[in-house]
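Everything on this sheet refers to the single structure shown next.
Please treat every number below as a calculation from the coordinates, not as lab data. In this text, all values refer to a predicted model and were calculated from it rather than measured experimentally. Note that we place each Cβ from the backbone using ideal geometry, even for glycine, and neighbour counts take in every protein chain shown.
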Amino acid sequence: MRDQTMIRIVIKRAFLLVLLLECISVAAQPSLFPVYKPGKAGFINRQGKIVIPLQFDVAGDFSEGLARVEINNKWGCVDEKGDMVIAPQFSNARDFSEGLARVQVGGDEYGFYGKWGFIDMTGKFVIEPQYGELRGIAENFESFREGLALVEVDYKKGFIDKTGKMVIEPFFAYGYHFTEKLSCSSTGLDAKYGCIDKTGRYVIPPNFDDLSAFSEGWADGKINGKCGYIDKTGKTVLIPKFKNDAKGDCSIVSGSFSEGLARWRVGSKFGYIDKKGKLVIPARNKYTDHFSEGLAWVENNGKIGFIDKRGRMVIKPRRFHHVEPFSGGLAYVVTQNGEHGYIDRTGKYIWRPQKQSKP
């Protein structure tokens, strides 16, 4: 009887843990999405209903309860009620992450040559504008990740904390934000890649021709002339044995692991491998992307559709010009005519394509 009681307790705790993780996942998903009609932008919910009227020139995605919007070439932020909580005043802006957003003041009409700083969720500068435009083959434009932000000073990249203190001096030409407590970076065009910890110390020496950001414990890159994966000790953990015609260019051979699978090139087509290196989805697609919310887009013969993790085509291919991974149950799509819309997991349009660009 006691053993049966313990089993029930364990099962109940496991169920509660799964439920908690699902709730966290849902909470992190966007609930509002930017949409466009000629000349104006606003926001819809997951059902396609307009909840913030189309009144902005451009709108970005919601992040941490705020979305950046542009009016008359100036950026501010609205909340999920549509209230303007940060007045349009910046020449450029990025999404909020970890309570701060990267914004730019000054610069030309395209947002170049100004200075970047960081604001809090009231619009107050907590780190004054003083940094250059992030440039380089490996950068993205997030604000903060894991407590640090990538910044550029005199064309070199370093990292600051949320007080603005430079905790890793500008030394790198190319690099990634921290993921899983490591940042993989290079000091120059012909220099090797290695990975540093949050003190700036190399924990994986710069011995690699290329490395990506860590995802699910591994980073993909070029290892002794071969495309594969390393773990957080720098140990080679997988060199898939499939031949391809990419001539050693690992950037178009491999992909980061996402939801347990990674895209991989075999011959001239892409499939998906698991962490044992097994090709679990055959290589039959010209182009592919990573899995998100259980689906990944694939392209063949100029048409893009979505497959599930068994490789089954669950959203029929159409002639989209561009698509983005599913997020919050919807996928952002652009038609061949440059019209922008959203589809749900059945492929049904929740917001029919309209003219207007999305930042």
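Quick check on my filter: what residues within the stretch 270-303 are of a type in the set (A, V, I, L, M, F, W, C) and crowded, with 22+ Cβ neighbours inside 10 Å? Those that are of a type in the set (A, V, I, L, M, F, W, C) and crowded, with 22+ Cβ neighbours inside 10 Å: Phe270, Ile273, Ile281, Phe291, Ala296, Trp297, Val298. Residues in the stretch 200-213 that are closer than 21 Å to Val253 by Cβ and of a type in the set (A, V, I, L, M, F, W, C) were compared, and the one that is surrounded by the most Cβ atoms within 10 Å (Cβ to Cβ) is Leu211. Against the conditions (1) within 18 Å of Ser185 (Cα to Cα); (2) surrounded by fewer than 18 Cβ atoms within 10 Å (Cβ to Cβ); (3) in contact with a Gly (Cβ under 8 Å, 6 or more places away or on another chain), Glu216 satisfies every one except (1). Within the stretch 168-199, the set of residues being surrounded by fewer than 16 Cβ atoms within 10 Å (Cβ to Cβ) and not hydroxyl-bearing (Ser, Thr, Tyr) comprises Glu169, Phe171, Glu180, Lys181, Gly188, Leu189, Asp190, Ala191, Lys192, Asp197.
Determine, yes or no, whether Gly267 is surrounded by fewer than 15 Cβ atoms within 10 Å (Cβ to Cβ) and within 29 Å of Ser31 (Cα to Cα). So Gly267 does not fit the description; no. Entry remark, the stretch 174-202: residues being out of contact with any strand residue (DSSP E or B) (no Cβ under 6 Å at 6 or more places or on another chain) and in a strand (DSSP E or B) number 1 in total.
Listed residues Ala41, Ala59; which is more than 20 Å from the chain's Cα centre (by Cα), under 16 Å from Trp351 (Cβ atoms) and part of a strand (DSSP E or B)? Only one candidate qualifies: Ala41.
The set of residues in the stretch 182-197 that are within 26 Å of Glu259 (Cα to Cα) and more than 18 Å from the chain's Cα centre (by Cα) comprises Tyr193, Gly194, Cys195, Ile196, Asp197. I'd like to check something: does the stretch 243-265 contain any residue that is more than 30 Å from Asn224 (Cα to Cα) and either in contact with an Asp or Glu (Cβ under 8 Å, 6 or more places away or on another chain) or part of a loop (DSSP other than H, G, I, E, B) (or both)? No, the stretch 243-265 contains no residue that is more than 30 Å from Asn224 (Cα to Cα) and either in contact with an Asp or Glu (Cβ under 8 Å, 6 or more places away or on another chain) or part of a loop (DSSP other than H, G, I, E, B) (or both).
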